[in-house]
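Undergrad: Here it is, the structure, as structure tokens.
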Amino acid sequence: MMALGKRSLRRRLLTVDLPMALVLVFTLGPYLWMFVTSVTPESRLFTEGPSLVQATIDNYTRLFRTVGFGDNLLDSFIVAAGTVVVGLSLSVTAAYSFSRFSFRGKRVLMLQFLLINMFPLVLLILPLFVVMRILGLLDTHFALIIANSTIAIPFSVWMMVSYMNGIPRSLDEAAMTDGCTRLGALRRVVLPLCVPGIIATGIYIFITSWNEYLYALTLGGQDVRTITVAVQTLIGEYEVQWGLLTAGGIVGAMPATVLFLLVQKRLISGLTQGAVKG
Amino acid sequence: MTAQDHSATGPARAEAGTGRHKLGRRVLPYAMLSPAVIVTLAIVFFPMLQTAWMSLHEYVLFRPDDFTFIGFENFVTAFNDEVFWISLWHTIIWIGITIPAQVLLGLVTALLLNQEFPWRPVARALIIIPWALPSVVIALMWVWIYDSNYGVLNDFLLRLGLIEQAVPWLANPDTALGAIILTLTWQGFPFFAVMILAGLQSIPKSYYEAASLDGASTWQQFRYITLPGISGVLVTSVLLRTIWVANSFDVIFVMTGGGPGYATYTLPLYAFVKARTNLDFGYGSALAVLFTMLLMVIVLLYLRRTGKAVE
Amino acid sequence: MRQKTLGLAASLLALTAGMASAESTVRFWYHFDNADNPMDELVSTFEEQNPEITVEAENIPWNSYYDNLYTSIIGGNAPDAAMVKMFAQPRLIEMGALEPIGDRIDSWEGKDDLQDNLLELTVAEDGSSYYLPVQYVVLYMYYRPDMFEELGLEVPQTCEEFREAANALTRDTDDDGQTDVYGFGFRGGKGGHDHWASFTLGREGADLTDNIESEAAVAGTQFVVDLFREDGVFPPSAPNDGFQETIGAFKAGKTAMTIHHIGSANGMVEALGDKVSAAPVPECGGGRWTAYGDESTAVMSSAEDKDAAWKWISFLSEAGNNALFNEATGQLPVTKTDRDEWSLHPKRFVEATAESLPFANLLPNRPETSDFVNTVWPVAMQRALTGEITAEEMNAEIAELYSE
């Protein structure tokens, strides 16, 4: 038994831990390099190059104290979280409809969602800007939530359809014969089963709107300024504020990473608990 | 399993219900769809039609009063425009390499993350960092990495003795597109890892248990259980990601601005430069419309081949 | 959050104060290389003096500044006033976005305090004034007086003297067989066209748009290529060096001369103390050429309260305030008073700037110029420096761009 355990451990180390470590080196290398840059004093950066010698957190304190990055984080968070809520709730119902019914125009409607994502955003900005101005929504979180939702909805709908198709129809039909309504079946049976899908899609929406720049720049302004716009102001006409920029990147990646860390357990449990297993 | 027994008769019974029920069944799908459809129509579709209309005009933003109908002239100009063809070719290479690379790396990562090992939660969280970073930061970071004086990549390769002198990766037309593709692969593979991982989670463990009882090899298990299990997610995410990557130009824009020369121009970037920098909305719109149509053709072909996604 | 609350408090104050007189808001767009948000102080001083006006100053990212400005103008939501550069003026005028402010300038008491010629430099082709200068820089040459003294050299006045000096300054100071000081830090990457232009465009018979293929112009490019390939007086990384690298190398003592404007003077003094000074760029082929960096403010034609917008932008160009503004940007004030009392930069750099002003130029105001700056010049220069193409071929590529 002992020998077997050892061999399987070595096997695991070779086939799982080692490749995983390599992937992580590739993944994190640039991020760590960025971190080193962010703690290198500005005066040394272009003479000695980035290093941990004389490391300083100056850039981080400047970022929050004088650049006002805290406000930007809050704005980004409101927009991203709002987009997740709006995007998910609109697309889950739509996806259920696509997955469980056959009706006229289904194919066209699904392709319509794709088409929306195919058009280069830059040309939509001007008309959208005018619409938002007329509605008086410029420089509000709501404008960005709606705009980002349109980027997110097509993806979410398609993603959720494929998750829902993976759940046997017989389950919700059974629930309905047991006295549930359609919506009841959606809520009690289908939704709990697509939790991993919903979480993955939610993360996608969150990250997409967290990183969105063009809409944030055009539709935002004085009151709503997301981190992508704030980070961009660090790239000046004559100089790039490398230290602040990299510090902003390090901080900017945190929320999504932490969020993922928090929800990933749900991603795992998903189908293994509940009806399917039984 | 009772659910299985009901599956044949269940819907039939529901259909045969009262008239009210029937009507509900006909209206319900549309009712559930309408919020999403209405929002997207209002925010995207309407501006899109407006843009399509603009593409038939000579329309330069800084001459707002000069809005002349010129039919398909912008499209003819595009077909005779060398830069259009260069950009198209780059777009094809760009998608053709980036997406498979992202999928492959993402698949490997997802399979690894689906194994049991002690630091799995940490690995799972860390893996999405590249994807969680703002594109602007990523682009600048990689410019910094590729830098021929301070860049860590040249430093690394020089130390390994793989190159003899620092290579200006982004300044050299031969390496610039490749360098950007590597950056995009790095940025995008976590997306596939997360998506595929979620797909892997939905495959019941009992399938694997049964298969190994039957003596199936690891490869056979992968081929006959894992792949079919994630194919739905894979087909959809490849489709959506292709559209997304094809359309995203922010990383290129920041890294090279399309240069050196036209070495890293892609169609959306070209449309962006025309519309936003040169303010030529007529021509820019025409490029955007052309690009969307080309993409649509590819998507339809893809859907026909894979067949299942729209069912 | 604090800022927003302050802003809210300020607008409440303005609201109560505004009961008596007409109350209005000026939306102002600007871009700063300084990330520490120095505009707040100016805004609050202004609002104290003009309680009926609220200023909403918005810092727009530089690389999207003009895109965003154009979009907002077309979209009907333009700011009331904005920071603007000369290259954008023809377009903005064509869009009808600018308010002529010639009369206002004439009746403005600050006019006489503006430095000579600045208003003439910013006048539009139609003869009207739309721009009010707010800051400027001129490129000049930084050099190491200690190294010049050590080698008994004079500051070069011509290209020939420059070449001799650069060769003498390129040395192996510690006898390890490696060159460790180079004569000149050349910027071969994006933005380095100003270096090349100083060696090329001043020559008689050389003009960027009209005859860049002339013998004189090719001689200028050849001069640059020879300095690198024949003489080896630039660091080997020169083809890719950008602003940070050239300035960094100079501060670190790896180069003895380079070209830049006053914006980097304080950083240099911090690193080198007295061992850095400045002089105008050398005369090459019978003329001098250096780059002028302009920045003005303008009132937009769509502004609701143009008087308030004018009040705000003229406030920025008045003695005292203008000094404060330029302390933030690190450039030079446009008022005589502030220039005379200017203490942010050591005098020698301010003087070098003033001496360079007579032959300072803007790049031609043509749509191709942005391609020249962003793609054509860097690519051609890099290839010429690495020997892929000749000086003639490089100039031919530029000529092709402008002939389209």
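Undergrad: At the interface with chain B (Cβ under 7 Å from one of its Cβ atoms), crowded, with 20+ Cβ neighbours inside 10 Å and in a helix (DSSP H, G or I): which single residue out of A:Y163, A:Y96 fits that description? Explain how you work it out, then say what you get.
TA: On the way: A:Y163 fails: at the interface with chain B (Cβ under 7 Å from one of its Cβ atoms).
Within the list A:Y163, A:Y96, the selection yields A:Y96.
Undergrad: Of the residues that make up the stretch A:199-214, is at least one under 21 Å from the mean Cα position of the chain (by Cα) and more than 30 Å from B:S202 (Cβ to Cβ)? Lay out the reasoning, then the answer.
TA: Within the stretch A:199-214, the first condition is being under 21 Å from the mean Cα position of the chain (by Cα), and the residues that meet it are A:199-214.
Add one more test, that the residue is more than 30 Å from B:S202 (Cβ to Cβ), and what stays is A:213-214.
For the stretch A:199-214, residues under 21 Å from the mean Cα position of the chain (by Cα) and more than 30 Å from B:S202 (Cβ to Cβ): present.
Undergrad: Could you name every one of the helices (runs of 4 or more DSSP H) located completely within the stretch B:93-211 that has at least 1 residues being within 13 Å of chain A (Cβ to nearest Cβ) and of a type in the set (D, E)?
TA: Working: elements: B:120-126, B:129-132, B:135-146, B:152-160, B:173-201.
Helices (runs of 4 or more DSSP H) meeting the threshold: B:152-160.
Undergrad: While we're on this one: Take the stretch B:223-272 and flag every residue that is outside any helix (DSSP H, G or I) and under 14 Å from the mean Cα position of the chain (by Cα). Lay out the reasoning, then the answer.
TA: Just the residues of the stretch B:223-272 that are outside any helix (DSSP H, G or I), to begin with: B:248-249, B:256-266.
Scanning the stretch B:223-272 gives B:S248, B:F249.
Undergrad: Related question: Being over 30 Å from A:V122 (Cβ atoms) and surrounded by fewer than 21 Cβ atoms within 10 Å (Cβ to Cβ) is the requirement here; does B:V235 meet it?
TA: Working: over 30 Å from A:V122 (Cβ atoms): no; surrounded by fewer than 21 Cβ atoms within 10 Å (Cβ to Cβ): yes.
Criteria not met by B:V235.
Undergrad: Here is a follow-up. Spot the failing condition for C:T45; the list is (1) over 27 Å from B:V273 (Cα atoms); (2) among the β-branched types (V, I, T); (3) surrounded by 16 or more Cβ atoms within 10 Å (Cβ to Cβ), and only one is missed.
TA: (3)
Undergrad: Related question: Within the stretch C:35-146, considering only strands (runs of 3 or more DSSP E) that don't extend past its boundaries, which have at least 2 residues that are over 22 Å from the mean Cα position of the chain (by Cα)? Explain how you work it out, then say what you get.
TA: On the way: elements: C:53-59, C:81-84, C:132-138, C:140-143.
Result: C:53-59.
Undergrad: Where residues in the stretch C:150-179 are in a loop (DSSP other than H, G, I, E, B) and of a type in the set (A, V, I, L, M, F, W, C), which of them is nearest to the chain's Cα centre (by Cα)? Before you say what the answer is, go through the steps one by one.
TA: The first filter runs over the stretch C:150-179 and keeps only residues in a loop (DSSP other than H, G, I, E, B), leaving C:151-157, C:170, C:172-179.
Subset that is of a type in the set (A, V, I, L, M, F, W, C): C:151, C:153, C:155.
Values: C:L151: 32, C:L153: 30, C:V155: 24 Å.
That would be C:V155.
Undergrad: Quick check on C:D207: is it farther than 23 Å from B:W144 by Cα, under 22 Å from the mean Cα position of the chain (by Cα) and free of Cβ contacts under 8 Å to residues at least 60 places away in the same chain? First the steps, then the outcome.
TA: Details: farther than 23 Å from B:W144 by Cα: yes; under 22 Å from the mean Cα position of the chain (by Cα): yes; free of Cβ contacts under 8 Å to residues at least 60 places away in the same chain: yes.
Considered against the rule, which asks whether it is farther than 23 Å from B:W144 by Cα, under 22 Å from the mean Cα position of the chain (by Cα) and free of Cβ contacts under 8 Å to residues at least 60 places away in the same chain, C:D207 comes out as yes.
Undergrad: Further question on the same structure: Residue check, C:K251 against (1) of a type in the set (K, R); (2) more than 22 Å from C:L332 (Cα to Cα); (3) out of contact with any strand residue (DSSP E or B) (no Cβ under 8 Å at 6 or more places or on another chain), all met but one. Which one?
TA: (2)
Undergrad: So, one more: Count, please, the residues in the stretch B:196-211 that happen to be touching a Phe, Trp or Tyr at 6+ places or on another chain (Cβ under 8 Å) and among the aromatic types (F, W, Y).
TA: 0
Undergrad: Give me a count of the residues in the stretch B:270-282 that are closer than 18 Å to B:L88 by Cβ and either modelled with pLDDT of 90 or more or facing chain A (nearest Cβ under 9 Å) (or both). Write out each step before concluding.
TA: First, pick out the residues of the stretch B:270-282 that are closer than 18 Å to B:L88 by Cβ: B:270-275.
Narrowing further to those that are either modelled with pLDDT of 90 or more or facing chain A (nearest Cβ under 9 Å) (or both): B:271-272, B:275.
So the answer is 3.
Undergrad: So, one more: Pick from the stretch C:380-392 the residues that are of a type outside the set (A, V, I, L, M, F, W, C) and within 22 Å of B:L170 (Cα to Cα): which of them is surrounded by the most Cβ atoms within 10 Å (Cβ to Cβ)?
TA: Going residue by residue through the stretch C:380-392, those that are of a type outside the set (A, V, I, L, M, F, W, C) are C:382-383, C:386-388, C:390, C:392.
From what's left, within 22 Å of B:L170 (Cα to Cα): C:382-383, C:386-388, C:390.
Details: C:Q382: 23, C:R383: 21, C:T386: 17, C:G387: 10, C:E388: 12, C:T390: 15.
Checked the stretch C:380-392; the qualifying residue surrounded by the most Cβ atoms within 10 Å (Cβ to Cβ) is C:Q382.
Undergrad: Those residues that are out of contact with any Pro (no Cβ under 7 Å at 6 or more places or on another chain), in a helix (DSSP H, G or I) and in the same structural domain as C:E149 (by TED's automatic domain parsing), I need them from the stretch C:268-322; list them, please.
TA: Within the stretch C:268-322, C:M268, C:E270, C:A271, C:L272, C:G273, C:D274 meet the criteria.
Undergrad: Moving on to the next point. So, in the stretch A:222-240, how many residues would count as being surrounded by 23 or more Cβ atoms within 10 Å (Cβ to Cβ) and either at the interface with chain C (Cβ under 8 Å from one of its Cβ atoms) or part of a strand (DSSP E or B) (or both)?
TA: 4
Undergrad: Additional query: Got a sec? Which of A:L126, A:L114 is without any contact (Cβ under 8 Å) to a residue 12 or more places away in the chain and in contact with a helix residue (DSSP H, G or I) (Cβ under 8 Å, 6 or more places away or on another chain)?
TA: Values: A:L114 fails: without any contact (Cβ under 8 Å) to a residue 12 or more places away in the chain.
Answer to the check: A:L126.
Undergrad: Here's another thing I want to ask about it. Does the stretch C:234-266 hold any residues that are more than 11 Å from chain A (Cβ to nearest Cβ) and aromatic (F, W, Y), and which are they?
TA: C:F234
Undergrad: Residues of the stretch A:140-153 being closer than 28 Å to B:S231 by Cβ and either of a type in the set (D, E) or more than 7 Å from chain B (Cβ to nearest Cβ) (or both), which ones? Show your work before the answer.
TA: Our first condition is that a residue be closer than 28 Å to B:S231 by Cβ; within the stretch A:140-153, this holds for A:151-153.
Answer for the stretch A:140-153, where residues must be closer than 28 Å to B:S231 by Cβ and either of a type in the set (D, E) or more than 7 Å from chain B (Cβ to nearest Cβ) (or both): A:I151, A:A152.
Undergrad: Surrounded by fewer than 20 Cβ atoms within 10 Å (Cβ to Cβ) and in a loop (DSSP other than H, G, I, E, B), is that true of A:L111?
TA: Details: surrounded by fewer than 20 Cβ atoms within 10 Å (Cβ to Cβ): yes; in a loop (DSSP other than H, G, I, E, B): no.
The answer is no for A:L111.
Undergrad: Out of all the residues in the stretch A:126-139, which are facing another protein chain (nearest Cβ under 7 Å), within 25 Å of the chain's Cα centre (by Cα) and either farther than 17 Å from A:A152 by Cβ or acidic (D, E) (or both)?
TA: Of the stretch A:126-139, the ones facing another protein chain (nearest Cβ under 7 Å) are A:126-130, A:133, A:138.
Of the ones still in play, those that are also within 25 Å of the chain's Cα centre (by Cα) are A:128-129, A:138.
Hits for the stretch A:126-139 are A:F129, A:L138.
Undergrad: A follow-up question, please. Pick out the one residue from C:G202, C:G248 that is crowded, with 22+ Cβ neighbours inside 10 Å, at pLDDT 90 or above and not assigned by TED's automatic domain parsing to the domain that holds C:E351. Can you show your working first?
TA: On the way: C:G248 fails: at pLDDT 90 or above.
One residue alone meets the criteria, C:G202.
Undergrad: Of all residues in the stretch A:33-83, how many are within 25 Å of the chain's Cα centre (by Cα), among the aromatic types (F, W, Y) and within 12 Å of chain C (Cβ to nearest Cβ)? Lay out the reasoning, then the answer.
TA: Initially, the stretch A:33-83 is screened for residues within 25 Å of the chain's Cα centre (by Cα), giving A:33-35, A:38, A:60, A:63-64, A:67-83.
From what is left, the residues that are among the aromatic types (F, W, Y) are A:33, A:35, A:60, A:64, A:69, A:77.
With the extra rule that they be within 12 Å of chain C (Cβ to nearest Cβ), the set shrinks to A:64, A:69.
Total meeting the criteria: 2.
Undergrad: Among the residues of the stretch C:63-105 satisfying the criterion of being out of contact with any strand residue (DSSP E or B) (no Cβ under 7 Å at 6 or more places or on another chain) and of a type in the set (K, R), which is surrounded by the most Cβ atoms within 10 Å (Cβ to Cβ)?
TA: Result: C:R91.
Undergrad: With C:S107, C:S44, C:S64 as the choices, which residue is under 23 Å from A:A230 (Cβ atoms), free of Cβ contacts under 8 Å to residues at least 40 places away in the same chain and away from chain A (no Cβ under 14 Å)?
TA: Details: C:S107 fails: under 23 Å from A:A230 (Cβ atoms); C:S64 fails: away from chain A (no Cβ under 14 Å).
When all the criteria are applied, what remains is C:S44.
Undergrad: Taking the condition not hydroxyl-bearing (S, T, Y) and not in a helix (DSSP H, G or I), does B:A216 pass? Talk me through it step by step, then tell me what you get.
TA: Values: not hydroxyl-bearing (S, T, Y): yes; not in a helix (DSSP H, G or I): yes.
Spelling it out, B:A216 is indeed not hydroxyl-bearing (S, T, Y) and not in a helix (DSSP H, G or I).
The values are calculated or read from the model by the stated rules, or taken from the named source; none is laboratory data. Nothing here was measured: the structure is a model prediction, and the numbers come from that model. Don't worry about glycine lacking a Cβ; one is built from the backbone with ideal geometry, like all the others, and counts go over all protein chains shown.
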